[in-house]
Amino acid sequence: MDRNKVLREILFDEELCEKHGIKEVDQLTTNAPYYNKLVEVLSVIINENDNNLSDSQIYKKIKNIHNIG
């Protein structure tokens with residue numbers, strides 16, 4: 001799974017997207033420019049962690065953050 005797929009999987013939740021005004025999840029990338037602050041924060045986390053963690057580890061880490069919030 002590449003970084004863009006990790007972002008899309010995390011934001012697949014319709015309720016989360018509606019709450020934060022995120023549309024067209026299938027078009028999201030982890031590259032700037034970002035049109036939404038949540039997308040930007042998640043992208044930075046994914047890109048920063050990509051050097052040291054596997055895709056599944058990044059996904060689990062961010063999902064845990066989402067569940068806490």
Peptides ranked, highest mean first, by Cβ atoms within 10 Å: ranges 13-26, 30-43
30-43, 13-26
Where does helix 37-49 land angle-wise versus the long Cα axis of the chain, in degrees 0 to 90, nearest 10?
10
Nearest 10 degrees is fine. How inclined is helix 55-68 to the longest principal axis of the chain, computing both from alpha carbons?
50
Calculate the spin-label point distance for E24 paired with K63, positioning each point 7 Å from the Cα along the beta-carbon direction, and give it in nanometres.
2.8
Which of these values of semi-axes √(5λ) of the Cα gyration tensor in Å was calculated from the structure shown: (1) 32, 13, 4; (2) 18, 14, 10; (3) 27, 16, 9?
(2)
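We did not get these values from a lab; they are worked out from the coordinates using the rules stated. Predicted model only: the values in this text are computed from it and were never measured. FYI the Cβ positions are ideal-geometry reconstructions off the backbone, even for glycines, and counts take in every protein chain you see.
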